[in-house]
Amino acid sequence: MFELANSHRSIRSYTDQKIDPDLLNDILMTGLRSSSSGNIQSWSVIVTQDEENKAKLFKAHYEQPMVNEAPAVLTFCADFHRMREWIRVNGSKQSFDDFLGFMVGAVDAVIAAQSICLAAESVGLGICYMGTTLMSADKIIEILELPENVFPVTSIVIGYPAEDPALRDRLSLDMMVHHETYRPLSDDEIREKHADREKNAWDRYNAIPELKAKLAEAGITKVTDFYTSEFKYSKEMHTEVSTMLLAKLKEQGFWL
Ligand SMILES: Cc1cc2nc3c(=O)[nH]c(=O)nc-3n(C[C@H](O)[C@H](O)[C@H](O)COP(=O)(O)O)c2cc1C
């Protein structure tokens, strides 16, 4: 288990080998066994293998080639639709159509997703999460015909790796782990503990000739400039997507 978890790499290039349906079923079963708030299991996963449907998701996922290449895309959703239907048919008092319901479902969905990822990796399959699920939540809701009280939270592509990438760097554990109470880092610690990442990421980006030219043209001189630039996670993009997400959460029945 330790070896498996510590050897994770995201896979973005896939062979055209299909996943045996029984194997895929066994992998999905591990999600079923994951912890879930109140054991309500307030999540769903939509498995997309049909090429035409994958092509629709490819567009929604900003045309990331791995969506077309991988044999399957799994979209994990917070799902209180099923529970609310059970409450409805039994004539009980309704609940869960609020922001807390969304958060509970989202946590359940991500826990299940990660169990499924580890199970997949344990049998030699590769996975890559896609943050574009949130960026395109409005389009994905439409493509997957998600009913009220179902909201896409994250997706993965899954398949047999056609690449063998090196392990990516990580920040040190002492930056993530606090004992008893949160201890903010001093400015010096922040600089010191990000030094390797600052250099390695900058070198990595500049090793890509087209990106190097873009960075130079935009006057970007360090990694943190890049992170919040128009090329990655700008405030403007965050505001636009957040506005869409809040509107869609309301539309899907996940608000007060
Ligand atoms: C929620 C989430 C969203 C992600 N979205 C994308 C994505 O849209 N495209 C992509 O290529 N990688 C994506 N990744 C993969 C990360 O880039 C990757 O996990 C990170 O760079 C660390 O690399 P590693 O997983 O190989 O260790 C995502 C990862 C997570 C957890």
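Side notes on the structure shown:
Each row is one residue, and each column tells you yes or no for (1) at pLDDT 95 or above; (2) of a type in the set (D, E, K, R); (3) surrounded by 11 or more Cβ atoms within 10 Å (Cβ to Cβ).
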position: Leu146; (1), (2), (3): yes, no, yes
position: Asn149; (1), (2), (3): yes, no, yes
position: Pro152; (1), (2), (3): yes, no, yes
position: Ser155; (1), (2), (3): yes, no, yes
position: Ile158; (1), (2), (3): yes, no, yes
position: Glu163; (1), (2), (3): yes, yes, yes
position: Leu167; (1), (2), (3): yes, no, no
position: Leu173; (1), (2), (3): yes, no, no
position: His178; (1), (2), (3): yes, no, no
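- Of all residues in the range 49-58 being touching a residue at least 40 places away in the same chain (Cβ under 8 Å) and more than 14 Å from the ligand (Cβ to nearest atom), the one that is most open to solvent (accessible area, probe 1.4 Å): Lys56
- Test: residue in the range 161-172 that is more than 15 Å from the ligand (Cβ to nearest atom), part of a strand (DSSP E or B) and assigned by TED's automatic domain parsing to the domain that holds Ile11: no
- The range 23-45, residues that are part of a helix (DSSP H, G or I) and either not charged (D, E, K, R) or not assigned by TED's automatic domain parsing to the domain that holds Gln114 (or both): Leu23, Leu24, Asn25, Ile27, Leu28, Met29, Thr30, Gly31, Leu32, Ser37, Gly38, Asn39
- No other residue among Ile127, Ile156 is outside any helix (DSSP H, G or I), touching a Phe, Trp or Tyr at 6+ places or on another chain (Cβ under 6 Å) and within 14 Å of the ligand (Cβ to nearest atom) apart from Ile156.
- Members of the range 205-234 that are of a type in the set (Lys, Arg) and assigned to a helix (DSSP H, G or I): Lys212, Lys214
- The conditions of being in contact (Cβ under 8 Å) with a residue 40 or more places away in the chain and more than 14 Å from Ser115 (Cα to Cα) are met by Val67.
The values are calculated or read from the model by the stated rules, or taken from the named source; none is laboratory data. Treat the numbers as computed from the prediction; the structure is a model and nothing was measured. We place every Cβ from the backbone using ideal geometry, glycine too, and count neighbours over all the protein chains shown. The accessibility values were calculated without ligands, DNA or RNA, using every heavy atom of the protein model including side chains. Shrake-Rupley method; radii C 1.70, N 1.55, O 1.52, S 1.80 Å.
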